[in-house]
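Here the structure is laid out as structure tokens; the discussion comes afterwards.
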Amino acid sequence: MRVVALAGGTGSAKLLRGLQAQGAELTVVANVGDNAWIYGVYVCPDVDIACYTLAGIADRTRGWGIRGDTFRMLDLMARAGTETWFKLGDRDLATCLARTQMLREGLTLTRATEAIAERLGTGCAVLPACDEPVQTVISTPGGELNLQEFWVREKGRPRALGVRYLGSARARPTARVREAVEKADIVVVCPANPVTSVGPSLAVPGFVRLLRSARRVVALSPMVGRSPFSGPAGKLMEATKAPPSSLGVAKLYSRFADAIVVSDRDAGLSQEIRGMGLACVTTDTMMSGPAGEARVAREVLAA
Ligand code: GDP
């Protein structure tokens, strides 16, 4: 089965592992909205967590970075007086350095990502959603912040007033992404923050149209009741006037999705979701450990 997985960070990594365990012929289309220049290198958190996860070297406990990584570079940078609130391990930095060098040599982000994925041994293609920079910018009472500044530096505390995707108007889905979606038997929207991990791709002109042309699109909700399993999804959905629940996720995705898998604790929302024209499957959507990841992946593929 050819599967394209739209992926964000930590929640998506769990489903990617589950899909990999099903033997799916996988292509990951990773969010680019969190990409940023930090410490002189181009950091692509969601692209990298997908690569590390599929290569079997991700730090599952932390949910980001490489297992067993060290932080000597950051320690020395802190001693040299640099602000080091963005945690980047030494081996993680090596990936970012390699990517930065390839970009400086003129490769697109797609080509650089494919090269890194292959060398790490992901066993499948990992693609950025687009090659042009698209940055999620959160408006707060103290000014605009990128996601790293909002969530890591400010610990998600500022009031979020709105969200925009800087640069999205100039971006386009890449030829590799188009080809993957056209050939896919199913496109899976992994559990990810709808605003910061899926929204940047949806803001790219032509991306929603591409998804609508897919054979089948199934999403796994990252919400239970009015809360996400982790992260600021609820707060940022509220900031964009979307109800912070699986209902809000279904509304956002109803433009292109055929079905959504939601928590059995949200079974009461099924009828309203079906009213939006989406099939709705309920199950235990929490993925704890490899067995849970595989079970949820099976249910998503069958939804
Ligand atoms: P974040 O909001 O910055 O953390 O961005 P991500 O796109 O990495 O979001 C991860 C999303 O995955 C969060 O919205 C979580 O609610 C969701 N998530 C994490 N673990 C699970 C899980 O076991 N099951 C489901 N369905 N969602 C999960």
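The values are calculated or read from the model by the stated rules, or taken from the named source; none is laboratory data. For clarity, every value in this text was computed on a predicted model and none was experimentally measured. Quick reminder, even Gly has a Cβ in these numbers, built from the backbone with ideal geometry, and neighbours come from all protein chains shown. SASA here: full protein model, heavy atoms, side chains in, ligands and nucleic acids out. Shrake-Rupley method; radii C 1.70, N 1.55, O 1.52, S 1.80 Å.
What to note about this one:
- Carbon/sulfur fraction of accessible area - the stretch 7-94, other protein chains in place, 1.4 Å, %: 52 percent
- Spatially proximal aspartates and glutamates relative to Lys183 (Cα-Cα < 13 Å; intrachain offsets below 8 disregarded): Glu25
- Cα-centred dipole magnitude for the chain, charges only on beta-carbon of K, R (+1) and D, E (-1), debye, nearest 20: 360 debye
- Accessible area per residue for the chain, computed on protein heavy atoms with a 1.4 Å probe, is 43 Å².
- Computed [θ] at 222 nm, helices only, for the chain once each DSSP H run of length n ≥ 4 contributes -39500 (n - 2.57): -10500 deg cm²/dmol
- All lysines inside 27 Å of Lys87 as judged from Cα atoms, apart from same-chain residues fewer than 8 positions distant: Lys14, Lys155, Lys235
- Cβ crowding within 10 Å averaged over residues, with 80-87, 96-103 ranked highest first: 96-103, 80-87
- Sulfur and carbon atoms: percent of accessible area, the stretch 177-247 [1.4 Å]: 48 percent
- Gain on full extension, evaluated as 0.36 nm per residue between Met286 and Lys241 minus their Cα-Cα distance, stands at 13.6 nm.
- Among 253-260, 117-124, 209-216, 154-161, the order from most to least packed when residues are scored by Cβ within 10 Å on average: 253-260, 117-124, 209-216, 154-161
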